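Please read the structure below before turning to the comments.
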Amino acid sequence: MQGTYLGLLFLIVIAAIVCGAMVTLSWLLGPKKKTPYKEAPYECGVTPVGDARERFPIKFYLVAILFILFDIEVVFLWSWMTAFKKADTNFMVFSFFELLGYMATWVVGYVYALHVGAIDWDETTSLAPEKLGKKHNADEQKENVA
Amino acid sequence: MFDFSPPLIDWMTIAPLIAVALTGLIALMVEVMMPKRTNGGIIGVSLVGLAVAGGLLINNLSMPNSETFSGMALRDHFGTLLQLLLVVTCGLSILFSEGYLREKRIPFGEFYPLLLWSTMGAMIMCMTRNLLMLFLGVEVLSISLYVLAGMSRSEERSEESAMKYFLLGAFASAFLLFGISFVYGATGTLQLASISEAWTSGGISSQALLLFGFGLIMVGLSFKSGFVPFHQWTPDVYQGAPTNVTAFMAVGSKVAAIAAVWRVFEGFQIMSDYWIPIMSWVAILTMSVGNLIALLQKDVKRILGYSSIAHAGYILVAILAHYKNPQAVGFNTVFYYLLSYALMTLGSFAVISLTAHSGREGTMLSDLNGMWKRAPFAAASLIVFMASLVGIPPTSGFVGKFLIFSDALQAGLTPLAMVLAVNSIISVYYYVGIAHATVVAEEKRPGKSGRPTFGLNSTCLLCTVGVFGAAIFYSPLMNFLQGR
């Protein structure tokens, strides 16, 4: 019984040693250039003092939303798999095709998210001018000239 | 190991729903494949998909009533007819949207899938007697609409409207869910059909739970249908959202919410002695507040927002008349009025969307000036819609109001009928104001107004034909509604 947890104990010890070594060695060996910015308290990479109404890139929000969506998907798949392993053939066949339909909608969503660059940090999406059609583009140019 | 027998599913019941959902997915894929083309392909796919869904629904009309998915999905005459109305509404909104979206410089291809999925949520609300499915339908309907309301991203008004709609919608959903949980506590199931049994067999404590739960559910649904005192979001959201979204919101969301109210009343019919007096007051308030505040408005979209509140009140009278005297009064009046309301409101918003030009949009009454010259057909149809909203014969608005009036008298709701009549007279003022603004010749900003596209003209034509047709072919339509 105790033997089963021995590996876990080793893992904890090794993790402590490796992490401690990394932090200590980089503190001992690394160059030390002090700047006011480095001396400031750490606040997730953001300047800790300043206007509270700072604007964040909307991408943070998009990534979080997508993460939650796919996280929920995994939760459903997990519970299905748990039941699937011990089920009879009827359930396996029926639920497999149900899950195929379910997953298809996810794949469409995933392809769409990739396509609009929702998780592409450098891309900004805006309306393609072609969407407006020929007539409106001509209108726009005329107005710009005038 | 457990024994599992695949459930028998009547796929035809939910086939229209699947058709609409799949159409949305396909439309989204078209957008992904061809991001640099105009939205023509997406519109084509959407309209074909809606036509398929409509065909399936017409096919369902002749089939017997049934329940499937363990009572979660329901096929009956009432639900199928309302779903058909929703599909038509979605199609008409799509028809006139593209021209407007281009004038507003926001022709995102995602608009069409979102509108389709919103329609799907509305359809779910019409086809269920299960409270959880009802809630799911409300959410699917609303979440798409929150996004659509904020679609004009550079416009502060649009963002404000999306934010308001989202916050109040979340509030309403919370009320609804809270009410559902109380009902579940009293009955042990989520089926509306089990409530009457729980009411008669349960003691005073479960009756109290049911009453409280009913109250909370009605608060949630009143938000969605725009009943006073839960109407405040309506004009702000209608004004700020892009006009084509407002059109769908005013019609699709209202039809679905009224269907849900109908189903919930049906489930709670055994307690009608308690709620009919309260809901009668709500109806009186809804009609009067909607019409009186509309008198003071100068913005056309706000006027129509308040007018939609007033019309929700009229429909509530028709619903109450049915539940006061179910033998004498059927659902025909409610359906007829919803049909007529859908046609005239959608048509009006379609015409008003013409005020958008080169990314700008003015929706004050004065912005309609000169429309008679620029777009004679659209202006003429707007006048027809206004006449129908007032209730002038031979339009469907007149027939609908007359039906509600006679139903209310027949069911013994004379005070409600009187309030309805007085309110119809009050409403003449602001509807005539809109009609007058279109025929005033002087334009505020000459040349700064969109030209009607083919899609917009066809929407106007279809709505006008519908408004007259529903009135002239009244008896064939009624026979059709009764399934004869």
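The values are calculated or read from the model by the stated rules, or taken from the named source; none is laboratory data. The structure presented is a predicted model; accordingly, all values stated were derived computationally and were not measured. As a convention, Cβ positions derive from the backbone with ideal geometry for all residues, glycine included, and neighbour counts pool all protein chains shown.
Being assigned by TED's automatic domain parsing to the domain that holds residue B:145, out of contact with any Phe, Trp or Tyr (no Cβ under 7 Å at 6 or more places or on another chain) and surrounded by 24 or more Cβ atoms within 10 Å (Cβ to Cβ) is the requirement here; does residue B:260 meet it?
On the way: assigned by TED's automatic domain parsing to the domain that holds residue B:145: yes; out of contact with any Phe, Trp or Tyr (no Cβ under 7 Å at 6 or more places or on another chain): yes; surrounded by 24 or more Cβ atoms within 10 Å (Cβ to Cβ): yes.
Criteria met by residue B:260.
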Given (1) surrounded by 24 or more Cβ atoms within 10 Å (Cβ to Cβ); (2) outside the structural domain of residue B:220 (by TED's automatic domain parsing); (3) under 27 Å from residue B:71 (Cβ atoms), number of the condition residue B:307 does not satisfy = (3)
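Filter segment A:44-85 for residues that are among the basic types (Lys, Arg) and more than 13 Å from the chain's Cα centre (by Cα) and give the result.
Restricting attention to segment A:44-85, the residues satisfying the condition of being among the basic types (Lys, Arg) are A:53, A:55, A:59, A:85.
Across segment A:44-85, the qualifying residues are A:53, A:55, A:85.
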task = Go through segment A:63-91 and give me each residue that's at the interface with chain B (Cβ under 9 Å from one of its Cβ atoms) and aliphatic (A, V, I, L, M).
result = A:83, A:87
query = Out of the residues in segment B:26-59 that are facing chain A (nearest Cβ under 8 Å) and among the hydrophobic types (A, V, I, L, M, F, W, C), which is farthest from residue B:73 (Cα to Cα)?
reply = B:32
query = Would you call residue B:57 at pLDDT 90 or above, over 27 Å from residue A:128 (Cβ atoms), in contact with a Leu (Cβ under 7 Å, 6 or more places away or on another chain) and not aromatic (Phe, Trp, Tyr)?
reply = yes
inquiry  = Checking the structure you have, find out if any residue of segment A:19-26 is exposed (fewer than 10 other Cβ atoms within 10 Å of the Cβ) and not aliphatic (A, V, I, L, M).
reply    = yes
ask   = Applying the selection to segment A:94-112, what residues are at the interface with chain B (Cβ under 8 Å from one of its Cβ atoms) and within 28 Å of residue B:3 (Cβ to Cβ)?
value = A:94
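Residue by residue, here is whether (1) touching a Ser or Thr at 6+ places or on another chain (Cβ under 9 Å); (2) outside the structural domain of residue B:154 (by TED's automatic domain parsing); (3) in contact (Cβ under 8 Å) with a residue 12 or more places away in the chain; (4) of a type in the set (A, V, I, L, M) holds:
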| position | (1), (2), (3), (4) |
| --- | --- |
| B:211 | no, no, yes, yes |
| B:215 | no, no, yes, no |
| B:228 | yes, no, yes, yes |
| B:234 | yes, no, yes, no |
| B:241 | yes, no, yes, yes |
| B:244 | yes, no, yes, no |
| B:247 | yes, no, yes, yes |
inquiry  = Conditions first: (1) out of contact with any Cys (no Cβ under 9 Å at 6 or more places or on another chain); (2) more than 14 Å from chain A (Cβ to nearest Cβ). Residue B:159 passes all but one, so which condition is the exception?
reply    = (2)
Residue satisfying all of: in segment B:404-421; free of Cβ contacts under 8 Å to residues at least 60 places away in the same chain and closer than 30 Å to residue B:351 by Cα; nearest to the chain's Cα centre (by Cα) among these = B:405
Residue, nearest to the chain's Cα centre (by Cα), within segment B:1-25, restricted to residues that are surrounded by fewer than 14 Cβ atoms within 10 Å (Cβ to Cβ) and within 8 Å of chain A (Cβ to nearest Cβ) = B:6
ask   = Is at least one residue of segment B:100-107 under 30 Å from residue B:195 (Cα atoms) and within 13 Å of chain A (Cβ to nearest Cβ)?
value = no
ask   = So which residues in segment B:195-231 are among the charged types (D, E, K, R) and surrounded by fewer than 18 Cβ atoms within 10 Å (Cβ to Cβ), if there are any at all?
value = B:197
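Of all the helices (runs of 4 or more DSSP H) wholly in segment A:1-90, which have at least 2 residues that are β-branched (Val, Ile, Thr) and under 28 Å from residue A:116 (Cα atoms)? First the steps, then the outcome.
Details: elements: A:6-29, A:36-39, A:58-85.
Passing ranges, in order: A:58-85.
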request  = Within segment B:26-39, track down each residue that is assigned to a helix (DSSP H, G or I) and either surrounded by 14 or more Cβ atoms within 10 Å (Cβ to Cβ) or in contact (Cβ under 8 Å) with a residue 40 or more places away in the chain (or both).
outcome  = B:26, B:27, B:28, B:29, B:30, B:31, B:32
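Listed residues B:359, B:347; which is on the phi > 0 side of the Ramachandran plot and in contact (Cβ under 8 Å) with a residue 12 or more places away in the chain? First the steps, then the outcome.
Numbers: B:347 fails: on the phi > 0 side of the Ramachandran plot.
Answer to the check: B:359.
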request  = Scan segment B:417-431 residue by residue and report those that are surrounded by fewer than 19 Cβ atoms within 10 Å (Cβ to Cβ) and closer than 13 Å to residue B:298 by Cα.
outcome  = B:429
message = Out of everything in segment B:1-23 that is touching a residue at least 60 places away in the same chain (Cβ under 8 Å), assigned to a helix (DSSP H, G or I) and of a type outside the set (A, V, I, L, M), what residue ends up being nearest to residue B:72 (Cα to Cα)?
response = B:13
ask   = Does segment B:1-20 hold any residues that are acidic (Asp, Glu) and modelled with pLDDT of 85 or more, and which are they?
value = B:10
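Based on what the data block shows, is residue B:310 in contact (Cβ under 8 Å) with a residue 40 or more places away in the chain, in contact with an Asp or Glu (Cβ under 8 Å, 6 or more places away or on another chain) and closer than 18 Å to residue B:228 by Cα? Working first, answer last.
Numbers: in contact (Cβ under 8 Å) with a residue 40 or more places away in the chain: yes; in contact with an Asp or Glu (Cβ under 8 Å, 6 or more places away or on another chain): no; closer than 18 Å to residue B:228 by Cα: yes.
It is false that residue B:310 is in contact (Cβ under 8 Å) with a residue 40 or more places away in the chain, in contact with an Asp or Glu (Cβ under 8 Å, 6 or more places away or on another chain) and closer than 18 Å to residue B:228 by Cα.
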task = Determine whether residue B:110 is among the acidic types (Asp, Glu), within 14 Å of chain A (Cβ to nearest Cβ), over 23 Å from residue B:26 (Cβ atoms) and surrounded by fewer than 24 Cβ atoms within 10 Å (Cβ to Cβ).
result = no
message = Among the residues of segment B:50-62, are any free of Cβ contacts under 8 Å to residues at least 40 places away in the same chain, touching a helix residue (DSSP H, G or I) at 6+ places or on another chain (Cβ under 7 Å) and outside any helix (DSSP H, G or I)?
response = no
key: Selection within segment B:439-484 - of a type in the set (Gly, Ala, Ser), buried (at least 16 other Cβ atoms within 10 Å of the Cβ) and modelled with pLDDT under 85   = B:449, B:450
